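Below is one structure; the comments refer to it alone.
Readers should treat all values here as calculations from the given coordinates under stated rules, not as data from a laboratory. All values derive from a computational prediction rather than experimental measurement. For neighbour counting, all protein chains shown are included, and Cβ atoms are generated from backbone atoms with ideal geometry for every residue, glycine included.
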Amino acid sequence: MENKDIVLSGIRPTGNLHLGNYFGAVKNFLKMQETHECYFFIADYHSLTTHPHPANLQGNARQIFIEYLAAGLDPEKATLYLQSDIPEIAELYLFLNMNAYLGELERVPTFKEKARKSPDNVNAGLLTYPTLMAADIIIQKATKVPVGKDQEQHLEMTRTYARRFNTMYEVDFFPIPTAYNFGNELVKIPGLDGSGKMGKSEGEGNAIFLNEEEKSIRKKVMRAVSDSGPTEPNQEKSLPVQNLFTLLKVVSKPDVVQYFEDQYNNCSIRYGDLKKQLAEDIVAFTKPFGERIKELSSNDEYLRKVMNLGAEKARANAQKTMREVREIIGFRKIY
Ligand code: TYM
């Protein structure tokens with residue numbers, strides 16, 4: 001490996017992968033698996049905060065696993081695994097929770113937002129989501145964590161918990177990880193509804209999935225929110241229009257983007273044309289995924305093999321870390 005840094009990241013199995021997941025996270029996973037020791041997992045413990053039905057838990061995780069592979073993650077290059085195959089993560093989570101404080105957990109923006117959206121389900125798992133995430137990361141001693149912008153605060157918390165452990169036990173044990181995007185700002189891919197980010201649960205029509213049918217992609221893009229058009233040359237763009245340009249930038253060629261920028265700036269733009277082009281380029285981009293997803297879906301034996309391989313390696317590392325952690329905390333075998 002060219003680089004000594006250990007890379008780790010995960011995705012919750014709460015729906016299919018969308019363009020936000022791809023351009024915010026998976027795209028960097030693909031680059032980093034070529035140069036780093038990498039751990040990419042499916043955060044199925046994390047998905048329990050919303051109480052999935054037992055009959056769906058495994059199927060959801062399997063689907064993300066398929067989509068990881070379809071996107072190009074290579075089990076020969078990166079360690080791919082299911083979080084729940086590493087129960088040591090739950091043990092480290094327990095230890096970290098002893099030094100995680102109510103005040104700091106309650107202040108996390110994602111917690112506040114989820115508590116506001118689902119006031120009847122403000123469970124302790126939701127509150128301590130950042131300590132579980134910290135456990136995922138530091139149990140593998142990872143230092144670079146490729147994630148989208150929405151995970152920045154969680155990474156700050158991970159840094160806090162890693163430092164706190166080191167300080168409390170006067171050790172230099174856990175490295176302090178950073179949210180990583182090759183030195184650039186973390187990515188935030190907008191949705192199609194004119195507001196914030198693309199998300200799995202942001203409402204119908206907001207997200208485009210990697211395995212989505214062509215017809216449905218076109219329909220969603222053509223219905224995307226825009227505005228009534230620029231009235232002065234070089235006018236600042238409204239948020240919904242900015243969002244369309246952001247999406248265009250990630251899937252279309254630079255000269256296509258420039259063409260529509262110029263049209264916008266001289267007030268001759270027709271949003272219908274921009275959307276048609278955007279839909280075209282998204283369809284071309286997602287097409288190969290759909291095909292590979294289909295292929296992989298019927299290959300259970302391969303999936304099982306890959307999952308076991310990843311679990312074995314990730315678990316062996318985690319077990320080593322936890323033997324040392326227990327020792328540091330003071331659990332010494334005296335019998
Ligand atoms: P999750 O499942 O919500 O999202 C997975 C990854 O996709 C990124 N992402 C986006 N990036 C840019 N624009 C968007 N619209 C967008 N939507 C999603 C996320 O930033 C993330 O990188 N807590 C994590 C899962 C997790 C994890 C970890 C990640 C659990 N333990 C340890 C890294 C390290 C989550 O819910 O991601």
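What residues have an amide H closer than 5 Å to that of Ile6, excluding those fewer than 5 places away on the same chain, when H is modeled at 1.01 Å from N in the peptide plane?
Correct list: Thr143, Lys144.
State log₁₀ I(q)/I(0) for the range 68-213 at q = 0.12, 0.16 Å⁻¹ as given by the Debye formula over alpha-carbon point scatterers of equal weight, solvent excluded.
Calculated log10 I(q)/I(0) at the listed q: -0.62, -1.08.
If you place +1 on the Cβ of every Lys and Arg and -1 on the Cβ of every Asp and Glu, how big does the dipole about the Cα centre of the chain come out, in debye to the nearest 20? Provide the component values of the computation, followed by the final result.
Values: 43 positive and 44 negative charges, 87 e Å.
Here the chain has a charge dipole of around 420 debye.
Taking Cα centroids, how far is the range 149-218 from the range 270-296 in Å?
24 Å
Considering only DSSP states other than H, G, I, E and B, which GluC sites (Glu not before Pro) in the range 204-250 qualify as loop sites with at most 16 other Cβ atoms within 10 Å?
In loop regions of the range 204-250 (DSSP not H, G, I, E or B), the sparsely surrounded GluC sites (Glu not before Pro) are Glu204, Glu213, Glu236.
May I ask for the net charge around Ala43, where only other residues with Cβ less than 9 Å from the Cβ of Ala43 are counted and Lys, Arg are +1 while Asp, Glu are -1? Don't skip to the answer; put the middle values down first.
Details: positive: Arg12; negative: Asp44, Asp136.
Local charge sum for Ala43: -1.
For n ≥ 4 DSSP H runs only, could you compute -39500 (n - 2.57) per run for the chain, divide by its residues and tell me the 222 nm figure to the nearest 500?
Helix contribution divided over all residues of the chain: -16000 deg cm²/dmol.
Applying the Karplus parametrisation 6.51 cos²θ - 1.76 cosθ + 1.60 with θ = phi - 60° to the phi angles of the range 258-265, what ³J(HN,Hα) value in whole Hz is obtained for each residue in order, glycine and proline being reported as x?
Calculated HN-Hα couplings, in order: 4, 4, 6, 4, 4, 4, 5, 5 Hz.
Quick one: if you stick a label point 7 Å off each Cα along the C-beta vector at Arg116 and Lys31, how many nm between them?
Simple spin-label model gives 3.3 nm for this pair.
By how many degrees, between 0 and 90 and to the nearest 10, does the Cα long axis of helix 300-329 differ from the longest principal axis of the chain?
Approximately 50 degrees, to the nearest 10.
For the chain, just say rounded, prolate or oblate: build the C-alpha gyration tensor, square-root its eigenvalues into a ≥ b ≥ c, call rounded for a/c under 1.5, and beyond that prolate if a/b exceeds b/c, oblate if not.
Prolate, since a/c reaches 1.5 and a/b exceeds b/c.
How much length, in nm to one decimal, is gained on full extension between Asn123 and Glu301, taken as 0.36 nm per residue of separation minus their Cα-Cα distance?
Length gained between Asn123 and Glu301: 60.4 nm.
Can you tell me the 0 to 90 degree angle between the C-alpha axis of helix 54-71 and the longest principal axis of the chain, rounded to 10?
Here the helix axis deviates by roughly 70 degrees.
Any idea how far apart Lys200 and Gln319 come out in nm if each label point goes 7 Å out from Cα toward Cβ?
Spacing of the two 7 Å Cα→Cβ label points: 3.0 nm.
Taking a threshold of 23 Å on the Cα-Cα distance, which of the pairs Lys112/Lys275; Lys117/Lys141; Lys117/Lys200; Lys4/Lys333 fall above it?
As for pairs spanning more than 23 Å Cα to Cα, those are Lys112/Lys275; Lys117/Lys141; Lys4/Lys333.
Under the rule a/c < 1.5 gives rounded, and otherwise a/b versus b/c splits prolate from oblate, where does the range 136-272 land using the Cα gyration tensor?
prolate
Within the range 223-313, which trypsin sites (Lys or Arg not before Pro) sit in a loop by DSSP and count at most 13 neighbouring Cβ atoms inside 10 Å?
Filter output for the range 223-313: Arg223, Arg270.
Can you run phi through the Karplus equation (6.51, -1.76, 1.60; θ = phi - 60°) for the range 168-175 and list ³J(HN,Hα) in whole Hz, with x for Gly and Pro?
Per-residue couplings from phi come out as 4, 9, 6, 10, 10, 9, 8, x Hz.
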